[in-house]
Structure formats: structure tokens, C-alpha cells
1. Can you list the residues, at least 5 places off or on another chain, whose amide H is less than 5 Å from the amide H of residue 77, using H built in the peptide plane?
2. For region 1-87, rounded, prolate or oblate, judged on the Cα gyration tensor with a ≥ b ≥ c (square roots of eigenvalues), a/c < 1.5 rounded, else prolate if a/b > b/c?
3. Nearest 5 is fine: what % of DSSP beta bridges in region 142-277 come out antiparallel, could you say?
4. For helix 60-70, what angle does its Cα long axis make with the longest principal axis of the chain, in degrees from 0 to 90 and rounded to 10?
5. Rounded to the nearest 500, what is the chain's calculated 222 nm mean residue ellipticity when only DSSP H runs of at least 4 contribute -39500 (n - 2.57) each, over all residues?
6. Step through the residues of region 162-171 one at a time and calculate ³J(HN,Hα) from phi using the Karplus curve (6.51 cos²θ - 1.76 cosθ + 1.60, θ = phi - 60°), rounding each to whole Hz and writing x for Gly and Pro.
7. Counting only DSSP beta bridges with both residues in the chain, what percent are antiparallel, rounded to the nearest 5?
8. What percentage of the solvent-accessible surface of the chain, computed with a 1.4 Å probe over protein heavy atoms, is contributed by carbon and sulfur atoms?
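The values are calculated or read from the model by the stated rules, or taken from the named source; none is laboratory data. Just so we're clear, the structure is a prediction, and the values are computed from it rather than from any experiment. Areas reflect the complete protein model, heavy atoms only, side chains present, ligands, DNA and RNA absent. Shrake-Rupley method; radii C 1.70, N 1.55, O 1.52, S 1.80 Å.
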Amino acid sequence: MAALRIGEFDILPGEQRKINLPVAKLYTDASVSLPVHIIRGKRPGPTIFISAAVHGDELNGIEIIRRLIGQKKFSITKGTVIAVPMVNVYGVVNQSRYMPDRRDLNRCFPGSAKGSLAGRVAHIFLNEIVKHCDYGIDLHTGAIHRSNLPQIRADMDDEETKKLAQVFGAPVVLNSNLVDGSLREAAVKNQTKVLLYEAGEALRFDEFSIRAGIKGIQNILRHLGMMRKSTSKKKVYEPYIANSSQWLRANASGIFHSMVNLGDQVNKGDILAEIGSPYGDIIDVVKATRSGILIGKQNIPLVQEGEAMFHVAFFSEDDENIAEQIETVQELLLPDVNN
């Protein structure tokens, strides 16, 4: 089992190291580096990357990685974990989704060593991290002022990826096509199987999303034989796979009052929100066009006509059972909320 070389660093089997991978310099000549935590088992096995903050305002993933590698009992029996808590360091510092050049890093892969700043970061991450890996878990949240129910997005046409998506154990799994320029697309071209975890809201910590993410990563590591099997006798719930999903949009501009929460079952014709004027008049309502489960929603109570408000996933199974399971999973991960 050979040393793993990342940048100018060699990490030996059985070794744990925190390294700073140089990315670029700022105006002041101060350098900015990619923080990377490598954990290697003593025996050969898969290599997996866990990345967060590709969008700099998506903070849940940073906390997921921080708690995971900070656990006193966290260790792997074989293979390698490469954890990168802040891919877009610039965005995290500035609390911004984007790079300083206003580019979306997750549309700049595979990048270029001589391209834009975003392109250079993408190039470094792909070539120094992803190309070593058999698997990857990319951690995201909803956009600013939008929340996502914990969910896995993956290519369900690939049998191994489908199995990993189910093993992760998020309440919902969505079949998601590859997006041009995304990290996931570039990784798949490298023959790296990738899960995209979406949960919570930008610039906020969400405890349910964080705990579900940690649990999911541990499930994957155990499935790959990289961690010892859990001795817990808690029931394991199979996630529900959505056939499709749809964003419901505002049909008027105004102040809206939401009547539903993430994970709720909605039926065709249900009123999900009322849109009113500043004077208290009800201008219009937003109704469910099909029955399904609410997996995403806008949080800011101001809405413009045509703006996406509610993300509803559609299943072949009974929606009531899905909603009940989501509630049960939340109670298992957040037992203290009932105390």
C-alpha cells in the first residue's frame, strides 16, 4: 500500500494529516489554501472524498465534516477518507455562494490550470482530490432563504450509485441528471461514484440536517467496509425514491403565509400558501397540483410572481407512509426535542 500524494504532501498508510493545499494569492500577497484532512487505514481499501461548501454560503456540510472527524472514536479500518470542509474558501469568508470572480464554482468543473480563479480552484480540487477517489459525497444546502428536507440526489440508473443512495439513509432520494460543469459530472467522468446530499438552508445550521448527514456518511463507510459495523439495534429505514419532482411557483407578488412544513404530505388541490397585499387583502393562493411530499420551500415571506416557492416530490408509494417515516426518522435523530 503506497503513500498517497496530494500536492507536495505524502500521506502514509495508517496516518492522519491535516494539510493546506495552496490555491491562489490575494491582493495583499497572503495565500489562500484548501484545508484537507486525510485519514488512512492501515489496510488497502476504497478512497472516498467528503466535500462541503462548494457554494460558500452552504455551511451545514462544514459542520457535518467538523463533527465527523472530531469524534474521539472515529477511525477507519481500511482505505482512505479525504475530507475537504471548505472547497470555496473565498465564499465562506465572504458568506457568498460564489467565487470572487462571481462564478458558480459548481459550474466550472473540470476547470483549468490557467483559467479563471473559479476554474483554477475546480482544476486543483479535481486533480488533487477527486482523481484519487473511488467514491465521493458532496454536501450542499438549499439556496439563500430556501430550505431542503435531507435528501440524496444521484444517478439512479447506475446500480452501485443507487445502492449507495439507499444505504446513506436520507429520508428521500431523487434521481438527478448530471449538470454540465458540476463537480458531480466531472467526478463521474473520472469513474468516481458520487452522492449529492442536500439538506437545510444557506448560512444556517440545521440540527436535523447535520445529524442525518453524519449518520449517512457513517452508513456509507460501513457499507464499504471502511468502518466497523454498528452494534446499534435501532430499526434501519429504507429511503423512498421519488419518481419526479416539481417546483410550484407564485402566481402573484406579495407577502405570503405558508401553511405547510418540510416533510408534510400534500394532496392535489391543497392550499400551501396565501399571498396577500400589505393591506391585508388575500390576492391569491398557491395550490398543490399533484399529491406528494414537500422536500423544499422558500423561507422569506416576500414573493414575486413566478418565483419558486415549494418543491414537491412525487412517489409511487403511499404518501402518508412516507410522511410518517420522515417524522419518525426526525424523532430518532433529534430525541431531545421531545424532552
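1. 227, 228
2. Values: a/c = 2.54, a/b = 1.40, b/c = 1.82.
Judged from the Cα gyration tensor, region 1-87 comes out oblate (a/c at least 1.5, b/c at or above a/b).
3. Rounded to the nearest five, the antiparallel share is 55 percent.
4. 40 degrees
5. Numbers: 7 runs with 78 residues, N = 339.
So the helix-based figure for the chain works out to -7000 deg cm²/dmol.
6. Going residue by residue, I get 4, 5, 4, 4, 6, 5, 3, x, 5, x Hz, with x marking Gly and Pro.
7. Numbers: 47 of 71 bridges.
About 65 percent, rounded to the nearest 5.
8. On the way: 7620 of 16200 Å².
Within the chain, the accessible surface is 47 percent carbon and sulfur.
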